[in-house]
1. Name the residue that is farthest from residue 127 (Cα to Cα), counting only residues in the stretch 139-179 that are modelled with pLDDT under 90 and outside any loop (DSSP other than H, G, I, E, B).
2. For a quick check of your reading of the model, give me the residue pairs whose first member lies in the stretch 81-94 and is in contact (Cβ under 8 Å) with a residue 24 or more places away in the chain, whose second is not in a loop (DSSP other than H, G, I, E, B), with beta-carbon atoms closer than 8 Å and at least 6 apart or on different chains.
3. Which numbered condition in (1) touching a helix residue (DSSP H, G or I) at 6+ places or on another chain (Cβ under 9 Å); (2) in a helix (DSSP H, G or I) is the only one that residue 344 fails?
4. Name the residues in the stretch 351-363 that are closer than 18 Å to residue 309 by Cβ, buried (at least 17 other Cβ atoms within 10 Å of the Cβ) and over 32 Å from the mean Cα position of the chain (by Cα), would you?
5. Pick out the one residue from 71, 49 that is within 19 Å of the chain's Cα centre (by Cα), crowded, with 16+ Cβ neighbours inside 10 Å and not assigned by TED's automatic domain parsing to the domain that holds residue 232.
6. Search the stretch 262-291 for residues being at pLDDT 70 or above and assigned to a helix (DSSP H, G or I), and hand back the single one that is surrounded by the fewest Cβ atoms within 10 Å (Cβ to Cβ).
7. Please tell me if residue 108 is out of contact with any strand residue (DSSP E or B) (no Cβ under 9 Å at 6 or more places or on another chain) and buried (at least 21 other Cβ atoms within 10 Å of the Cβ).
8. Which residues, counting only those in the stretch 41-55, are in contact with a strand residue (DSSP E or B) (Cβ under 9 Å, 6 or more places away or on another chain) and either free of Cβ contacts under 8 Å to residues at least 40 places away in the same chain or under 18 Å from residue 100 (Cα atoms) (or both)?
């Protein structure tokens, strides 16, 4: 098999690649190690797929590959509510899984890419499977055109090869020839629109899998110049958000970088020094949030990351994220003065200050714990001063 090489591009394509890798990981096949595809140079390099990835299983009369089945099962896990999934076994009731997710995929997310009519799903399901397998099968002879997304010419161009709202309702638009409607994206027609190969089309159909849905209904994706960084960061986001009560995307990014530093150390090298941003999608609006370079470097420092984890207070993390480093020292000094007195003698204003700044009981339980917490703040501030004075920026 000719090696498949995927380069980081725009955030939508990057999310698609991460989602595509999630489908491969979900296959759980010997010899299919997604982490081995993540190159240290930021690219994804796939040299071979095991034959078992394309083994067929009969699903209501349609021979469907494991690759396609995992795509629908992963989509079902992420896009449907627990209420709608109730009573359905994702492994055994694959026909019900596909029936439940099909309309969501091709009426809501990728409207019209395949017919969303679930009453006529069998022939379209077969078409989807053929398309998916062909899309990730390299070809040796170059085509007459190169893909605008991956830049490759040795790929197939057989199905809906002009980028439109069928690939992404957020960034694509309708063709100017459809029903005589004006076109909001110039050049998006069959003659002059952005060419997109079948492989990249399928990759974009996986973009929803890389998004983490927050409590307010918005969805986020952590974007970076390296697929290796994106793969680990977005895994951490899902894990952190599942266990923490976090409302701010800036805080989610900060905590993800701290986890990255503690778990992987400096393995990701130079890529962590480049721009890492949160893409936030709410309704039809897409917004972006990033942290200053120096803040990213502080959070990725293992000693500082460990110190922030030991402290465990969102209020302190916010000070670092917003570069309010002096306030960390001021907070420590004020708390030290309070802790120098027995707890019974703390006044109303002092208790109010403690409660407004410290959320964890273990940090404010008594004067001893408060003194230890203040000392942790001094230590954190000293580390930050040392790093900033070390010629980083």
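1. My answer is 179.
2. 94/57; 94/59; 94/64; 94/69; 94/72; 94/73
3. For residue 344, the exception is condition (1).
4. 363
5. Exactly one of 71, 49 is within 19 Å of the chain's Cα centre (by Cα), crowded, with 16+ Cβ neighbours inside 10 Å and not assigned by TED's automatic domain parsing to the domain that holds residue 232, namely 71.
6. Filtering first and then ranking leaves 263.
7. For residue 108, the condition - out of contact with any strand residue (DSSP E or B) (no Cβ under 9 Å at 6 or more places or on another chain) and buried (at least 21 other Cβ atoms within 10 Å of the Cβ) - is not met.
8. Of everything in the stretch 41-55, those that are in contact with a strand residue (DSSP E or B) (Cβ under 9 Å, 6 or more places away or on another chain) and either free of Cβ contacts under 8 Å to residues at least 40 places away in the same chain or under 18 Å from residue 100 (Cα atoms) (or both) turn out to be 53, 55.
The values are calculated or read from the model by the stated rules, or taken from the named source; none is laboratory data. Bear in mind that the values here come from a model prediction, so they are computed numbers and not experimental data. Glycine also receives a Cβ, built like all others from the backbone with ideal geometry; neighbour counts cover every protein chain displayed.
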